[in-house]
1. What residues qualify as long-range amide H neighbours of residue 187, i.e. H under 5 Å apart, gap of 5 or more or another chain, H built at 1.01 Å from N?
2. Calculate, in nm to one decimal, what residue 127 and residue 98 gain on full extension: separation in residues at 0.36 nm each, minus their alpha carbon distance.
3. Quick one: net charge around residue 128, please, counting Lys, Arg +1 and Asp, Glu -1 for every other residue with C-beta under 14 Å from its C-beta.
4. Residue 100: net charge of surrounding residues, Cβ under 12 Å, Lys/Arg +1, Asp/Glu -1, itself excluded?
5. For the residues 60, 124, what sequence is obtained by ranking on other C-beta atoms within 10 Å, fewest first?
Amino acid sequence: MSQEQYRPSRGDSDRQFSGGRSSGGRSSGGRSSGGGSNVNSTLSIIIAVLALLLGFFILRDIRGDNTSQTITAPTQNNVVTTETTVLDLPVQTTIVLTAFKIQIANASGIAGSAGQLTTELQGRGFIVQPALNKSEITPKQTVTVVYYLLGSEAVAASVAKELGGVAVAAMPEPIPTETGKLGEASVLILLGTDIAGIPLPPSTSAVAPVVTIAPVAPTTTTG
């Protein structure tokens, strides 16, 4: 066989060389494509991790802010309580006998008993108007009562004490006298059978009856 049969032609060599380069180019291109995918995947993972970390820190800050908030409860001002103790302090008040008038109405049924009582009280310094009888609608009384108009409570107490300690009450309506009036009097003695016609006990006041009144005298303590 001659040497010309084994010598490759230039065109074949060029084609083989070109084919080798093309093949190499394709292989190189394949390796570049795979490397780019790996880089993209790595970047995606890094971004995802960073996003998770960022979200974690943001959530922690939010929770920290919520837990660190201080709720200030409304405070009440100090309240000072005051206890008041009422003490009864006796105060002697002198009743002037000529400062008021008395009316006596006979409800005992014993004739002349109201006139007798009027004379006795006048003899002790009281100003007593002429005696009257009870009203027609007022029944016979077995117990004497001293009635008073508003403001004459102390005076009525003094008169009741002078009579031996009889009952005291506010003036009823209508007034239980035969005229239904008191005239200038502020105290009415509705005479009952218990003391009618009986001399008065010894006077408890030589000149002017003394009535002990217990006023309200508060003593304040702070607590």
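1. Residues meeting the amide H criterion: 101, 103.
2. The span from residue 127 to residue 98 would gain 9.8 nm if fully extended.
3. In short, -1.
4. -1
5. Ascending number of Cβ neighbours within 10 Å: 60, 124.
Bear in mind these aren't lab numbers, they're just calculated from the coordinates by the rules spelled out. Values in this document were obtained by computation on a predicted structure and should not be read as measured data. Glycine gets a Cβ as well: all are built from the backbone with ideal geometry, and neighbour counts include every protein chain shown.
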